[in-house]
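The values are calculated or read from the model by the stated rules, or taken from the named source; none is laboratory data. Small disclaimer: the values here were computed from a predicted structure and weren't measured. Ideal geometry is used to build each Cβ from the backbone, glycine not excepted, and the neighbour counts take in all protein chains shown. Side chains are part of the model used for accessible areas, which takes the heavy atoms of the whole protein and leaves out ligands, DNA and RNA. Shrake-Rupley method; radii C 1.70, N 1.55, O 1.52, S 1.80 Å.
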Amino acid sequence: MKKADFGLPFFVDICGMERTELSDLGEFGLIDRIKSKTQIYQNTTITGIGDDAAVIDSGDYYTLVSTDMLLEGVHFDLSYVPLKHLGYKAVASNVSDIAAMNGLPKQITVNIGLSNRFSLEAIDELYEGIYAACENYQVDLVGGDTSTSRSGLVLSVTAIGEVPKGLITYRKGAQPNDILCVTGDLGAAYMGLMLLEREKQEFLANQEMQPKLEGFDYVVGKQLKPEGRTDVIHELREKKIVPTSMIDISDGLASEILHLSQNSGLGFSVFMENIPIENQTLNATNDFNISPVVAVLNGGEDYELLMTFSQADFEIIKSISEISPIGFVTADKNNILVLNSGEKVPITAQGWQHLKD
Ligand code: ADP
Ligand code: MG
């Protein structure tokens, strides 16, 4: 075996080196670069970097692996996110990635980075949320790692799932004229975040204030405790239909449509009037004087599923109440949103590209 030459260590001024800014690539550009340099050594690795979960050949079925990291101050703010909800959400977001491959989760591992700022009671609360998710999704916590963090709480969950080989669904695979569908409703989690942030600012200005969130329990709940849509995966199996492509909506509808488009080499036409939006979400967009289009396209963390189906499955899709058709696939590469006014606007990348911020 050829040994890699790492050379001897020396002191480097990282900032003084010739450098390309990460912000020039963005998150997805960086992942593409890592992917392009990655060698595959095992013939059991069916799909590596680039989908919602890795796909590994386990004989009769595929094993799915997905991992996500949540950092305090980047992904969550403990002044309004209860630890129990955080634990639940960390598991649910990984379950969502397994569901996006048409799979079901089986096991999880949990890594935590902590400081002595946290008490035993606080960690118990975090794990109460993790255990509640384990029970709900029927997954087993089978390991993890515990370490010291000097920069806030770190929580990383890895989910392992399974899918029968014939049911695996990738981000690629959409065909022209396929029906584009979404589960549940969109934009709520983003508006929940806006409300929680607003209440935090009001509290900081006046500590006597208590949060005014009446009438917004659904949107706040969707932000703090989202669900991975394994219920829909079970229903698809019962009805014996398999999507032609699928992704979960973690970074906003626009970003996920562009992923499906890039992976299939096709275009998507989406009708705003068909996108399910809860009344509470609309009320919140009114309060903030922002367009529901923005909440749906660029808001994130809905953890709903975006998928395409062959026209032949249309009648069956109509019988599944949790799935709504919102558009169709086109042979060109144009991604277009048709507004309620009839105006057509291009769907562009405005999802969560934190390296560009
Ligand atoms: P998702 O939003 O579905 O979790 P991501 O955008 O985080 O997906 O990741 C897309 C793909 O890139 C996944 O296959 C993920 O495993 C992979 N990926 C992300 N970051 C890295 C990394 N630092 N090294 C290797 N693969 C990565
Ligand atoms: Mg995903």
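Numbers below:
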quantity: Using a Förster distance of 45 Å, the FRET efficiency for residue 120-residue 338 (Cβ separation, nearest 0.05); calculated: 0.25
quantity: Over 19 Å (Cα to Cα) - which of 165/240; 165/239; 165/318; 35/172; 172/225; 240/333 fall in this group; calculated: 165/318; 172/225; 240/333
quantity: For the chain: rounded, prolate or oblate by the Cα gyration tensor [a/c cutoff 1.5]; calculated: rounded
quantity: Protein accessible area in the range 1-146, 1.4 Å probe - carbon and sulfur %; calculated: 54
quantity: Surface accessible to a 1.4 Å probe, per residue, for the residues of the range 51-167, Å²; calculated: 44
quantity: Share of carbon and sulfur in the accessible heavy-atom surface of the range 300-343 [1.4 Å probe, %]; calculated: 51
quantity: Per-pair calculated FRET efficiency, R0 = 41 Å: residue 203 and residue 32 via Cβ, rounded to 0.05; calculated: 0.50
quantity: Order by protection proxy (mean Cβ within 10 Å, highest first), peptides 65-74, 94-103; calculated: 94-103, 65-74
quantity: Residue-span extension gain [residue 147 to residue 58] - 0.36 nm each, minus C-alpha spacing; calculated: 28.9 nm
quantity: Dipole magnitude of the range 182-237 about its Cα centre (Cβ charges: Lys, Arg +1; Asp, Glu -1), debye to nearest 20; calculated: 180
quantity: Pair residue 331, residue 210: separation of 7 Å Cα→Cβ label points (nm); calculated: 6.3
quantity: Cβ charges +1 (Lys, Arg) and -1 (Asp, Glu), total dipole of the chain, debye; calculated: 960
quantity: Rounded accessible area per residue of the range 179-346, 1.4 Å, Å²; calculated: 43
